[in-house]
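Asks: Let me begin by handing over the structure; questions about it come next.
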Amino acid sequence: MRTIAAMVGLAVMVACGGGEKQPEAAPDTTQAAAPAGGSAGVTTHDVNMVLEGSSTYKFVPNELTVKPGDRVVFHNVSGGPHNVAFWPDSIPAGAKELLEPQMPNPIGPLSSELLLDPGATLAISFANAPTGEYKFTCTPHMAMGMHGKITVAP
């Protein structure tokens with residue numbers, strides 16, 4: 001029994017960053033990108049995944065509005081491992097088929113692999129995305145309130 005409790009405690013500590021002090025978050029940037037295929041008007045939005053202080057895990061920004069065709073790049077800045085997991089009941093109809101192929105090595109349905117290294121990224125294209133709200137979380141830090149929302153609007 002003690003062995004199980006010790007293993008669970010170690011797993012939680014590893015998933016939560018082990019209490020290491022991490023660097024401060026990089027500033028949020030939104031920039032025009034040169035899209036594949038040469039289409040004009042596509043914007044790349046950056047979302048940082050950070051640990052602020054010793055216990056505040058968050059996406060910066062945690063809410064974002066994009067246009068169909070835009071791209072969102074999630075950056076593991078500090079406090080990892082992190083991932084992006086979209087709530088299946090909180091995305092528009094038809095969005096699952098768009099999102100899942102963009103998540104190599106998923107750890108669950110609509111759930112990206114863990115980004116272990118600082119600087120690791122996950123890019124999600126909203127090309128041909130249904131309009132509406134896409135709510136998401138970071139699986140390792142869900143209980144700590146690391147949630148976000150992307151709104152796709154024309």
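The values are calculated or read from the model by the stated rules, or taken from the named source; none is laboratory data. Since we're looking at a predicted model, the values are computed, not measured. Cβ: placed from backbone, ideal geometry, glycine included. Neighbour counts: every protein chain shown. For the accessible areas, the whole protein counts, side chains as well, though only heavy atoms, and no ligand, DNA or RNA atoms are used. Shrake-Rupley method; radii C 1.70, N 1.55, O 1.52, S 1.80 Å.
Asks: Do you know which residues across region 87-109 are open to solvent by 40 Å² or more (accessible area, probe 1.4 Å) and outside any helix (DSSP H, G or I)?
Replies: Result: TRP87, ALA93, GLY94, PRO104, ASN105, PRO106, ILE107, PRO109.
Asks: Please specify each residue of region 54-86 satisfying the condition of being outside any loop (DSSP other than H, G, I, E, B), surrounded by fewer than 22 Cβ atoms within 10 Å (Cβ to Cβ) and of a type in the set (S, T, N, Q).
Replies: Listed by number, the residues that qualify are THR56, THR65.
Asks: So in region 110-122, with the set limited to residues that are aliphatic (A, V, I, L, M) and in contact (Cβ under 8 Å) with a residue 40 or more places away in the chain, which one is surrounded by the fewest Cβ atoms within 10 Å (Cβ to Cβ)?
Replies: LEU116
Asks: Just to verify a result, which residue in region 137-151, among those that are in contact (Cβ under 8 Å) with a residue 60 or more places away in the chain and over 18 Å from SER78 (Cβ atoms), is surrounded by the fewest Cβ atoms within 10 Å (Cβ to Cβ)?
Replies: THR151
Asks: Still on this model: Could you say which residue among VAL77, VAL72, VAL84, VAL50 is among the aliphatic types (A, V, I, L, M), modelled with pLDDT of 95 or more and touching a Lys or Arg at 6+ places or on another chain (Cβ under 8 Å)?
Replies: Just one listed residue meets the conditions, VAL50.
Asks: Ok, one more. Return the pairs, sorted by first residue and then second, in which the second residue is open to solvent by less than 60 Å² (accessible area, probe 1.4 Å) and of a type in the set (Val, Ile, Thr), the first residue lies in region 53-81 and is more than 26 Å from PRO92 (Cα to Cα), the beta carbons are less than 7 Å apart, and the residues are 6+ apart or on different chains.
Replies: Pairs found: VAL77/VAL50; SER78/VAL50; GLY79/VAL50.
Asks: While we're looking at this one, here's another question. Kindly list, by first and then second residue, each pair from a residue in region 35-47 that is modelled with pLDDT of 95 or more to a residue that is of a type in the set (Lys, Arg), limited to pairs with Cβ atoms under 9 Å and residues at least 6 apart or on different chains.
Replies: Listed by first residue and then by second, the contacts come to THR43/LYS67; THR43/ARG71; THR44/ARG71; HIS45/ARG71.
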